[in-house]
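To start, the structure under review is shown below, and the notes come after it.
The values are calculated or read from the model by the stated rules, or taken from the named source; none is laboratory data. Here the structure is a predicted model, which is why all the values come from computation and not from measurement. Neighbour counts are summed over all protein chains in view; Cβ atoms, including those assigned to glycine, are modelled from backbone coordinates with ideal geometry.
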Number of protein chains: 4
Amino acid sequence: MGISLGGHQYGKAENHIVRIYRDTPRHDIKDINVSTCLRGDFEAAYLTGDQSAVLPTDTQKQTAYSYAKEVGVDSIEEYSLALARHFVDDVKPVHAARVEVEEFGWERVLVDGSEHDHTWVRTGQEVRTAAITIEGEGAERREWVTGGLKDLVILKSTGSEFTGFMEDKYTRLQPTTDRVMATSLVATWRYAGTEADWNATYATIKSILTSTFATVHSLALQQTLFEMGKAVLEAVDGVVEVNLSAPNKHHFLYDLETFGVENNGEVFHADDRPYGLIQANVVRDDAPDAGSAWEKFSGLV
Amino acid sequence: MGISLGGHQYGKAENHIVRIYRDTPRHDIKDINVSTCLRGDFEAAYLTGDQSAVLPTDTQKQTAYSYAKEVGVDSIEEYSLALARHFVDDVKPVHAARVEVEEFGWERVLVDGSEHDHTWVRTGQEVRTAAITIEGEGAERREWVTGGLKDLVILKSTGSEFTGFMEDKYTRLQPTTDRVMATSLVATWRYAGTEADWNATYATIKSILTSTFATVHSLALQQTLFEMGKAVLEAVDGVVEVNLSAPNKHHFLYDLETFGVENNGEVFHADDRPYGLIQANVVRDDAPDAGSAWEKFSGLV
Amino acid sequence: MGISLGGHQYGKAENHIVRIYRDTPRHDIKDINVSTCLRGDFEAAYLTGDQSAVLPTDTQKQTAYSYAKEVGVDSIEEYSLALARHFVDDVKPVHAARVEVEEFGWERVLVDGSEHDHTWVRTGQEVRTAAITIEGEGAERREWVTGGLKDLVILKSTGSEFTGFMEDKYTRLQPTTDRVMATSLVATWRYAGTEADWNATYATIKSILTSTFATVHSLALQQTLFEMGKAVLEAVDGVVEVNLSAPNKHHFLYDLETFGVENNGEVFHADDRPYGLIQANVVRDDAPDAGSAWEKFSGLV
Amino acid sequence: MGISLGGHQYGKAENHIVRIYRDTPRHDIKDINVSTCLRGDFEAAYLTGDQSAVLPTDTQKQTAYSYAKEVGVDSIEEYSLALARHFVDDVKPVHAARVEVEEFGWERVLVDGSEHDHTWVRTGQEVRTAAITIEGEGAERREWVTGGLKDLVILKSTGSEFTGFMEDKYTRLQPTTDRVMATSLVATWRYAGTEADWNATYATIKSILTSTFATVHSLALQQTLFEMGKAVLEAVDGVVEVNLSAPNKHHFLYDLETFGVENNGEVFHADDRPYGLIQANVVRDDAPDAGSAWEKFSGLV
C-alpha cells in the first residue's frame, strides 16, 4: 500500500502592516492584514526535509512589508496583485500564489468641524477583504481577483416575515409576519478581469448590499440574499459572481405579558448561539471559469 | 481561628437587550448589554444556603428586559438609574445596587442618499458605557453616575515624540522625535449629579477626547492623557472626574534598508503584544466624594 | 444577460448541547457543539421567497437536541450519522446533509484520590471534531465520515532545525540547527467507511500525531507534518486520508547579550502574529473518492 | 477651579515569555504572560511631558525577559517578587511596583507510554495567576503576594438545588431540587507572607477548590463558593484571604416533551449569555491588612 503527499501549500499569515502616506501635511493611512500562500514544487520539503526550493515564510513576510512601500497600497487588490505576481514570476518553484488581505477602515478625527490631517479613529463597521490567486506562466497564466467584506452587521426592525415553511414532528417555530432580521454579512465577489477602479467598486457594492437589504420586503433571509447578489451583478459590470454567507442573528421577542407589560415588537433578546446560517452563490450565466479563485489559504482542512 | 464572609455581591451579567421604538414609521434602535449587581443582606445564602433574602439573578434579568419597555432606553444612564433605584427601593434586603451597561452604536442605512426608516448597520467605532451605583435609603441615600467609552481606537501618524527618558542597564529603546502613536482608549467619567443631558454630554466628551488627542503635540502618552482629561473637565460642568486607561499600541518602523528601500515613517508593523499601558485619573479639586462610584461588579477578584 | 442562483446551503450553526448519562450514580457527560446543514431543492426560497420546501433552521435545532436523547452521543460520529441520515431520508427536499460537531473534553474531579461520580473539569487540551456528509438515496447513496481535532497546542524545545532554504533579495532569516518548534494543530482525517470504534480510533490517532511530532527530528514543519500523516495512515486501517494545517507559532530567541546575560536557547518571546502556516494532505494511493467529504458548511464564502 | 492629576500608574502589559530549562536532556518549560506596573514620582510626565523620571515600558519589558534567565521561573511568585523588588529598589522614582503573571500549563507528550524529554502539549485546563505588590523602602517596606487561577471550568450534573428564594412581580424562575451547576471559576488568594512552597500550595488549593465544589451538596452557588473559600483557609496555613468570582453558566433542561421524548435531566442547552455572577470574599479574622494587595494594574478605570 502506498502513501503519498496530496495537496499542499504554505505561507505567512497575518502580517499586520500599517502604511502611512506622508508626502503632504495631510497624511493618509492604510491598515491591512496580509497573508501570502505559495503552491508549487515543494514536495521535497515534506518528503525529505530538503528546503532548497522553499522560500521561507519569513522572506514572504519581508516582501509583504517591502511591497507596502515599493508598490504602495492604493487599493488592496492592486497591492495583492503585485505581490502575487512577484512570487509566481520571480520565485522559480512557485507555480501559484494566493494573497489574502483584510483592510480595516479609519476616518479622520474632526477638530472644530474640520478633518484632521494626521489623526484617525477606526471605523470598525466592516472589514474589507480581497483575495488574489495567480497561476502559471506564459500562455498558461491565469489571474483571479475577488473582493469582499465581512463583519457587516445589519438589522431591520420590520419588513421581514417567515411563514409557510415545511413542518414535521420537530416543528416548534411559529410563523411570523413581522420580525427583526439581522445578520453579520460575509460577502465575496469575483471580478471578470484584473483591472477595475477597486475602491470605487467596493463602495458601490457595499452600498448596493445594504440598501437592498433595507428595501426588499423579506419573505426569508434566503430571498434577501439572492436579491442582494442579483442587485450587485445587475449594477456592476466587471463582477461576475457573488458569494453570500449570512448568520441569522436571532432576536427573540421577549415575553413581558406576565408582568402586565405589552411588547409589540419593542423588546428583544439578542441571542448569540445557535444561529441560522444561510449561504448562496449568485452568478452570471456567462461568467468565465472560476478556476482556483475560491481556493482559500486555509482550504485544505 | 475564625473564618468569615467578607465582601460579597451577585447579579446577572450581560443581558443583551435590543429595544426598538416603532411609534412612527421611522423606527429607532437601542442595543445594550446590561449587568445588574446587588449588595446587601445576603450572608445567609453564603453561610447556610438560605435563599429567602435572595432575589434570583433570573428575576433581575426579567426586570432588566421589562424596564426596557416600562422606562425605555432614551439614554443608558436614565434606564440604569431607574433599574438600580427599583432594586434598592423595592427589594428589601438590597442595600446597594450597581447597574453596568454597554451600548453598541447603529447608523441608518442610506438608500438613494436618504436615511432608511428601519434599517441600520452597526457603527462599531466605540462602545459607550455607563455604571450607576445607588446606596441606602432616606437620608443615607447616595447615587453615583459614571459614563464612559471603550474600544475607541485612535491613531496619529505624526506629532508624537518620546525622548529624555530615564536609562538603566536594561535600556534598549532609542529616543524618537516622530512616531506613530495609537491606542484603544478606555475612558470613564463621573458626573456630579444624577441629571444631565446624557446623550449630548456623551457626544461632547467623545469629541473633546478625540480632538485633544489630535491637537496636543505629544511628548508622551501620559501627557496626552492628562490633557484629554483636563480638556473634558474644563469644558463640561457636570463632570468632576475622568479616568483614562490607554494601551500604547506599538507601531514599529519596519526596517527595509537592506532591501534598498527607504522607509521614512511610511511602513510599520502593528504589534499585538506586549503593549504599554498608561493610566491616569484627572479630577476637579472640589469634586464630591467618589464613594463606591468606582466599585465594579467584577471588583472583588 | 442572465443571472442565476449557484450553489446554496443552509442550516443551524452551533447548538451547544450537553448530554448527561445518569442511569447509575456514576454519571457521564458529553459536551458538543452541533451544526447542521441541508442541501437540496431550496431554489424557490431564494428566487421567490417560497418556504414550502424549507425545513426551518429552528426545526433542525430541535431535532439536534432531541437526537441527543433519542440516539445518544456515545460518539460524535455515530450521533452525527444518525442526524444526517434523518435529514436526507425523512425530509423530502433534502438531497444532502452535512453535520459538523465539536466536542469538548471533561475529566473527573479527584476527591481524596478517587474519581468523583458527577463532577468534572474541562480538560481544555484540544477540541475533537467530526463532519458527516450524506448524499442521495437508494443506489446513489453516499456517506462520508471525517474525524479530527483542533487547538492541539504542541511544542518541542529542541530536535528542530531549519536550514538550506532558498534565498533571494528579501531574505533576512538566518538558518538554525536548534530551535523551538510549536504549533496549534488542526487535523482532519477521512474514514473509508461508516463503521469504526470511533472513540478508540480518535485516541489512537491523537497519540500517533503527538508522539510523531515528538520523535521526528525535524528539518522543517513540512516534513514533520508529512511524517505525522503517514504514521496515522500506516497505523490505522480504516483511515484513508489525513489533512494537516499547522501554524508555525514562532518563538524568537530573546537577545539578552547587551545585558551581559547568556541565552543558550532558554528565553524566548512567543509571538502572536504573523505566523507561518503549513498545510498538507497525506493520502493512501487506493483511497476511495472523497466526493463532497471536505465541502464545509462555511464553504461557499 | 483647579484640576489635578489623581491616581496614576503605567507599565508594560502581556510580555509572553517562554523559559526553557535545558541543563539536562530532560528539558522543562515555563510559559508565562507578564505585566509590570510602576507607581511613583511620575507626575511630570503627565503634567509637562518631562520623561526624566520615567523608566520606559520598553525597559520594563527587557527586564522582564532578562529576569526569566537571571532569576528563573521556578515559580511565578518567586520570579515576580524578584522583578517587583528590582523596580522598587533599583529605580529611584518608583515607590511601588506591581507584577501580574499568568502561567499556562504544559504536560509531557507520551511516547510508548513514557514521558518525552522535550515535547509537551498545552493542558489548557486553567490559567494560574499571581500578583505581587511591593511598596516603600526601609521601615515602610510592604510586600504582598496573591496567587490564583482563572478559566477553571467545572460542572456537576447533580447535587445542586435552588429553592426558597424571594419572589416578586418579575419572578419567573421555578425552584428546582436537581440541576446542573457549572462555572468558570476565578479565584485569588492572599498569602500572609512572602515565602511559601508556591507550586505545592497552588496544587493543594486547586485540589481543595475542585473537590469541595464536587462534595458540597449545593443549596446555591453562593453557599458552594463560601465553603470552597473556607476549606482553603482551613487547610492552608499561609493563606489568609480568598476571593471567588463565579459566573453561573446556565444549563437549561431542553423541552423534548412535545416530541414524545422523555428528558430526565439528560439533555441541556448550555447558554452563553446572560449568566449569573456570584462573588465572595472569605477571610481569616486575624488576617493582616490587605493594603494595596488587590489594587490591579487595570484598576483605575
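Quick one: is C:Glu137 farther than 20 Å from C:Lys206 by Cα and at pLDDT below 95?
In short, yes.
When D:Glu115 is evaluated against the numbered criteria (1) in contact (Cβ under 8 Å) with a residue 12 or more places away in the chain; (2) within 30 Å of C:Ser160 (Cβ to Cβ); (3) within 12 Å of another protein chain (Cβ to nearest Cβ); (4) not aliphatic (A, V, I, L, M), which criterion, by number, is the only one it fails?
(1)
Yes or no, residue by residue, for (1) facing chain B (nearest Cβ under 7 Å); (2) under 17 Å from D:Glu100 (Cα atoms); (3) at pLDDT below 95; (4) surrounded by fewer than 22 Cβ atoms within 10 Å (Cβ to Cβ):
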residue: D:His27; (1), (2), (3), (4): no, no, no, yes
residue: D:Asn33; (1), (2), (3), (4): no, yes, no, yes
residue: D:Arg39; (1), (2), (3), (4): no, yes, no, no
residue: D:Glu43; (1), (2), (3), (4): no, no, no, yes
residue: D:Thr57; (1), (2), (3), (4): yes, yes, no, no
residue: D:Gln60; (1), (2), (3), (4): no, yes, no, no
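Provide a single number: the residues in the range C:247-301 that are closer than 30 Å to A:Asn281 by Cβ and of a type outside the set (Val, Ile, Thr).
Qualifying residue count, the range C:247-301: 19.
May I ask you to list the residues in the range B:151-193 that are touching a helix residue (DSSP H, G or I) at 6+ places or on another chain (Cβ under 9 Å), surrounded by 15 or more Cβ atoms within 10 Å (Cβ to Cβ) and more than 17 Å from B:Lys249 (Cα to Cα)?
Matches in the range B:151-193: B:Phe165, B:Met166, B:Tyr170, B:Thr171, B:Trp189, B:Tyr191.
How many of the residues making up the range B:85-117 are β-branched (Val, Ile, Thr), touching a His at 6+ places or on another chain (Cβ under 8 Å) and closer than 23 Å to B:Arg22 by Cα?
The number of residues fulfilling the criteria is 1.
For a quick check of your reading: which strands (runs of 3 or more DSSP E) sit entirely within the range D:188-295 and have at least 2 residues that are within 14 Å of chain B (Cβ to nearest Cβ) and modelled with pLDDT of 95 or more?
The qualifying strands (runs of 3 or more DSSP E) are D:239-248, D:251-253, D:275-284.
Do we find a residue being touching a strand residue (DSSP E or B) at 6+ places or on another chain (Cβ under 8 Å), of a type in the set (Asp, Glu) and under 30 Å from D:Phe213 (Cβ atoms) anywhere in the range C:22-37?
The answer is yes; a qualifying residue exists.
Please tell me if B:Trp120 is crowded, with 22+ Cβ neighbours inside 10 Å, under 30 Å from A:Lys206 (Cα atoms) and facing another protein chain (nearest Cβ under 9 Å).
Against the criterion (crowded, with 22+ Cβ neighbours inside 10 Å, under 30 Å from A:Lys206 (Cα atoms) and facing another protein chain (nearest Cβ under 9 Å)), B:Trp120 qualifies.
Conditions (1) closer than 30 Å to D:Gly72 by Cβ; (2) of a type in the set (A, V, I, L, M), marked per residue:
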{"residue": "C:Glu234", "(1), (2)": "no, no"}
{"residue": "C:Gly238", "(1), (2)": "no, no"}
{"residue": "C:Phe252", "(1), (2)": "yes, no"}
{"residue": "C:Val261", "(1), (2)": "yes, yes"}
{"residue": "C:Ser292", "(1), (2)": "no, no"}
{"residue": "C:Lys296", "(1), (2)": "no, no"}
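Here are some residues: A:Ala53, A:Ala82. Which one is out of contact with any His (no Cβ under 6 Å at 6 or more places or on another chain), modelled with pLDDT of 95 or more and closer than 22 Å to C:Gly229 by Cβ?
A:Ala53
Determine, yes or no, whether C:Glu77 is within 24 Å of the chain's Cα centre (by Cα) and among the acidic types (Asp, Glu).
yes
Filter the range B:148-181 for residues that are outside any loop (DSSP other than H, G, I, E, B) and away from chain A (no Cβ under 14 Å); which is farthest from B:Val239 (Cα to Cα)?
In this case the residue turns out to be B:Thr176.
Check the range D:221-240 and report whether any residue there is basic (Lys, Arg) and over 30 Å from C:Asp23 (Cβ atoms).
Within the range D:221-240, one or more residues are basic (Lys, Arg) and over 30 Å from C:Asp23 (Cβ atoms).
Answer yes or no as to whether C:Gly124 is small (Gly, Ala, Ser) and over 23 Å from the mean Cα position of the chain (by Cα). Spell out the reasoning first.
Numbers: small (Gly, Ala, Ser): yes; over 23 Å from the mean Cα position of the chain (by Cα): no.
So C:Gly124 does not fit the description; no.
All but one of (1) over 19 Å from B:Leu155 (Cβ atoms); (2) surrounded by 17 or more Cβ atoms within 10 Å (Cβ to Cβ); (3) without any contact (Cβ under 8 Å) to a residue 60 or more places away in the chain; (4) not aromatic (Phe, Trp, Tyr) hold for A:Ser4, so report the exception by its number.
Of (1) over 19 Å from B:Leu155 (Cβ atoms); (2) surrounded by 17 or more Cβ atoms within 10 Å (Cβ to Cβ); (3) without any contact (Cβ under 8 Å) to a residue 60 or more places away in the chain; (4) not aromatic (Phe, Trp, Tyr), only one is false for A:Ser4: (2).
What about C:Thr133, is it within 30 Å of D:Ala182 (Cβ to Cβ), crowded, with 16+ Cβ neighbours inside 10 Å and among the β-branched types (Val, Ile, Thr)?
No, not satisfied.
In this structure, is B:Val18 buried (at least 24 other Cβ atoms within 10 Å of the Cβ), over 19 Å from B:Trp144 (Cα atoms) and at pLDDT 95 or above?
yes
Restricting to the range A:237-249, count the residues that are crowded, with 18+ Cβ neighbours inside 10 Å, more than 15 Å from the chain's Cα centre (by Cα) and free of Cβ contacts under 8 Å to residues at least 60 places away in the same chain.
Matching residues across the range A:237-249 total 1.
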